[in-house]
Structures are given as structure tokens and as C-alpha cells.
Amino acid sequence: MARSLASAAAAPAVIILAAGQGKRMKSPLPKVLHRVAGRPMILHILAAVMQSRPEANIAVVVGHGRDEVERVVRESAIVPVEQLAFILQDEQRGTGHAARCAMDSPWGAAVVRSKAPVLVLPGDLPLLPVALISQMCEGLGRSATLRLLTTELSNPTGYGRVLRRGKSGPVLRIVEERDAKPREKEIREVATSIYFFQGSFLKSALSRLSNKNSQSEYYLTDVVEQAARKARSGAGGIEVLMWSESGDLRGVNDPWELAEAGEMLNQRIIRRWALEGVRFDSPRSTWVESTVRLACGVEVQPNVILRGNTTVAEGAVIKAGSVIEDSAIGARSQVGPYAHLRPGSEVGEASKIGNFVELKKARIGSKTSIAHLSYLGDAEVGSRVNIGCGFVTCNYDGKSKHVTRIEDDAFVGSDCQAVAPVTIGRGSYIASGSTITKDVEPEALAFARSRQVNKAGYARRYKGST
Ligand code: UD1
Ligand code: CA
């Protein structure tokens, strides 16, 4: 009991600033919902927080597009409902105002009462590593009012600069790019919008912020100056965590930064899988979303895209140019080159899905071959089935979708169509060029094409020659 109380007291409160419109994105989608490696930015942040501090008590400050943001966060189920609150910031009056909305709410009052420390994170830093959050959340020194995360950038344009006394003395304040004097703009140590606060200090400091600056906004960064003043009078201190890997702190403010963050995260994901035993021929041309799972011994050739809830089992080979979305590939199967597996497809073990084959909601058994130029939608295909070149399931009648079943050991010749709903029975044989409209019973041989007529000598007559 005593232990659980102690750990409850240590659980950090986390404020995620996610109310801004993100004007520079030039998109109606709220900024924090833009996807990086297939996942909305804010979910990357929440996942990292939960991994580092599973007991965290999280408030997401929402405003612009708040219903959508709330829905995405709730549906993700990354944060248990009892640890999650949404705080409305009606009008976006700056990062300081956003944090104040949280601290002045009943949620904030409970945080101050519980004496929990408060981690503040912006919603637009999708590359935050778990280790960074863990280091930020370590207990503050006895007299410290806040811990500030900074980093050095070779090009600090757009970021708030950290002003110190002398070159490397104590921190004095943060100055925003738009308010900085030319000399201050030369400073390369920047604020990252990540802070760890003593709760009561944060609450009172926010209530004293002013908006007398170039943007008439309440800047959260100005809280640092208050803490510095307090430190000088001996009443507290600022701890600084300087993060050397500045790439982790890349903010996403416009579509170009979104693309860059996406590339960075993609390379990290691929590296992680490579170290788990996945072989990539061309990491730079391959895209693997954060939700994909790959087994040891999988081989991925150039220009492959793996999306969503896709899994690939050991020894499978994904050949060049293939796109796989929300699908499962069994062990030792081969897919591609240039195959497209759309959502809900499953391929068993040691099967072959060849070039220019499209699957959609198609379940394929083991040791089945669909080697060339085919479309299978809403299909259930058994094991040891052979499907020749150019097979099409006619699954859509203009109103609804219908299922095609092809049972174990069936052989489907080239250039066949199955007009669904229809079943091709176990061990049956479909002659090439057949359009199957009626069920084929097991072991039957089906012809569904017109009979060939040969007329001797007619060719010459037909061409009008003598
Ligand atoms: C902010 C910092 C800057 C820092 C940079 C690092 C301030 C004033 N500036 O600038 O010092 O270098 O982050 O990435 O804090 N938001 C709200 N409500 C608002 C305004 C913003 O919720 O009224 C949210 C945004 O949705 C965003 C986050 O706060 O997720 C940061 O806002 P943004 O406008 O991107 O700040 P920057 O200009 O990047
Ligand atoms: Ca930003």
C-alpha cells in the first residue's frame, strides 16, 4: 500500500500543447494529426510518454479541430481513459496561454494539490525518443523550479534562443526568433518547448505572463525568465538538459519539415528492424510505417512500401516495388515484384504472389501460387492452389461485393474469371479461358468457353486471295 501511494505521488502530470492551427502547414487538418511514418504526430508523442511513464496523467490541450484531435487520441487507446484529459483552449493566444488553460482547470488544480511535477511537451515533435522523456522526468533537485531541455542547431532559424550570462553561464531567458536582436540570433542553443516543472511554480508563473511581444502572444518560454530571476534571489534554480542528438528535436511546422521528419523516422524504423535481422537491399528507397511488424530473416527488396498493421513472417521475401497495406504475409512466402496487397489480405506459408498481382481482402492458404497479373478481391483461396496468369475475381456487381471461394488443390488455368459469389471446389480443374459463373464441384473439370471451330482452307478465302 505504502509503495503504491509513493509511486502514485511520483507519477508525472504531462501537458501536451496541441491546440494550434499550424498555419504554416497550409492544410485544414489540425497540425498534430499530420502523419509521420503512417501515424499522426501526436500519437508518436503519446506512445513515447506512455512507454517511459506508463502511469503518467496526461492533459492534451486542444482547440483548432479539437473534435478530430480528441477522437484520434481516444480511438488510439494509447492512454487509458482514466489517465487522459482534454483541456479546451478556445482561442490560440500562445503556448503560455495553452499551458495556463491546463493549469487553471480542475485538472491543473488536482495536479498542484498532488504535488506532481509537470512535463510540458509540444504536439509537433514526433521524433522524441523514450530516453529523452525518461531523463526529463527524473526528480528535480530540491530547490529547482524547472528543468529546461535545450539543444544546439547549426541552423537555429525559427527557434527560441537560450540567453545565458556570458557564454555558458546560467540561463537568463529565452528570446523568440521574431523578438531577437541580430546578435541574439547568432546563438545556436535553442529552446525545444520541453520543460519539467514544479507544479506550483508553473501555475503561478503562468498567471504572471504578459503578451507584450511581436506576436501579442503569451509565450511559455517567458516562464524561464521568471525562474531565472527567482534563482538569482536564491529561491530556486533552473536545471538544463542539453540534448546532443538535435535531430530528435526536429519540430514540424510546415510540409517540408513534415517530409523531413517522415524520412528520419522511416530510416530509424528500418535501422531498428535491420538490427533485428531483417535484410533491406535499399533502406533509402524503402518505407516501413511504425505499426508494421517484421520477423527475423525477412528480405525486403528496393522500392517496397509496407503500411499500417502489416506483419511479415520469417523468411518471407518482399520483392521490388511491392506495396503492402494492413496485411499478413506467412513464413517463406514470396510477394512481388510489383504486387499490391490491399487491406485485409493474408498469405499463408510458402506461397507465391507474383508480379502485378493485386489482392484485396483475400485470404490465401499455404503453398499456393498466384504468379502473374491477377486480381483477387473478397476471395478465400485454399492451400496448394495454382492460379494461372490473368485470373480475375469479378467481385463487384455495381452494388455490392461478393465472395469467391477456391478450395484446396484446385487448378485454375490462365485467363479465367470467377463471377462471384461462386465456389471452385477442392481439387477441381478449370480450363484456361473460362468464365466461371456457377459453382464447380470438387474434383470436376470445368470448361466455360465457346467451342473452337476450324474451317479448312477458309483463311485464304477470307483474305480474298486466289
Ligand atoms: C515554440 C517555442 C520556441 C521553440 C520551439 C521548439 C514558444 C513561444 N516558442 O515555437 O521557443 O524553439 O517551439 O519547437 O513557446 N500551441 C497551442 N496553443 C497556442 C499556440 C501553440 O496549443 O496558442 C501548440 C501548437 O499546437 C504546437 C505547440 O504549441 O503543438 C508549439 O507551438 P508552435 O506555434 O509550433 O511554436 P513554435 O513557433 O514552434
Ligand atoms: Ca513548433
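In region 431-450, the residues that are surrounded by 14 or more Cβ atoms within 10 Å (Cβ to Cβ) never reach a residue that is among the basic types (Lys, Arg) and assigned to a strand (DSSP E or B) with C-beta atoms less than 6 angstrom apart, at least six apart or across chains. Of the helices (runs of 4 or more DSSP H) entirely within region 93-146, those holding at least 1 residues that are within 11 Å of ligand 1 (Cβ to nearest atom), in contact with a Gly (Cβ under 7 Å, 6 or more places away or on another chain) and in contact (Cβ under 8 Å) with a residue 24 or more places away in the chain occupy 95-103.
From Arg147, Arg142, Arg164, Arg188, grab the single residue that is away from ligand 2 (no atom under 16 Å from the Cβ), touching an Asp or Glu at 6+ places or on another chain (Cβ under 7 Å) and under 16 Å from Gly237 (Cβ atoms).
Arg147
So that you can scan it fast, the table gives a plain yes or no per residue for (1) surrounded by fewer than 18 Cβ atoms within 10 Å (Cβ to Cβ); (2) hydrophobic (A, V, I, L, M, F, W, C); (3) closer than 22 Å to Ile436 by Cβ; (4) not assigned by TED's automatic domain parsing to the domain that holds Ser432:
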| residue | (1), (2), (3), (4) |
| --- | --- |
| Arg342 | yes, no, no, no |
| Ser345 | no, no, yes, no |
| Ile353 | no, yes, yes, no |
| Glu358 | no, no, yes, no |
| Lys361 | no, no, yes, no |
| His372 | yes, no, yes, no |
| Tyr375 | no, no, yes, no |
| Glu380 | yes, no, yes, no |
| Asn386 | yes, no, yes, no |
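For region 263-286, which positions are free of Cβ contacts under 8 Å to residues at least 24 places away in the same chain, crowded, with 18+ Cβ neighbours inside 10 Å and within 15 Å of the chain's Cα centre (by Cα)? Residue satisfying the conditions is Ile270 alone. Residues of region 410-465 being part of a loop (DSSP other than H, G, I, E, B) and more than 54 Å from the chain's Cα centre (by Cα), which ones? Those that are part of a loop (DSSP other than H, G, I, E, B) and more than 54 Å from the chain's Cα centre (by Cα): Arg451, Gln452, Val453, Asn454, Lys455, Ala456, Gly457, Lys463, Gly464, Ser465.
Scan region 248-259 and tell me whether some residue there is within 14 Å of ligand 1 (Cβ to nearest atom), out of contact with any Pro (no Cβ under 8 Å at 6 or more places or on another chain), part of a helix (DSSP H, G or I) and free of Cβ contacts under 8 Å to residues at least 12 places away in the same chain. Yes - at least one qualifying residue is present in region 248-259. Going residue by residue through region 156-167, is there one that turns out to be small (Gly, Ala, Ser), modelled with pLDDT under 95, loosely packed, with under 14 Cβ neighbours inside 10 Å and more than 12 Å from ligand 1 (Cβ to nearest atom)? Among the residues of region 156-167, at least one is small (Gly, Ala, Ser), modelled with pLDDT under 95, loosely packed, with under 14 Cβ neighbours inside 10 Å and more than 12 Å from ligand 1 (Cβ to nearest atom), which makes the answer yes.
The values are calculated or read from the model by the stated rules, or taken from the named source; none is laboratory data. In this text, all values refer to a predicted model and were calculated from it rather than measured experimentally. No Cβ is skipped: glycine too gets one built from the backbone with ideal geometry, and neighbour counts run over all protein chains shown.
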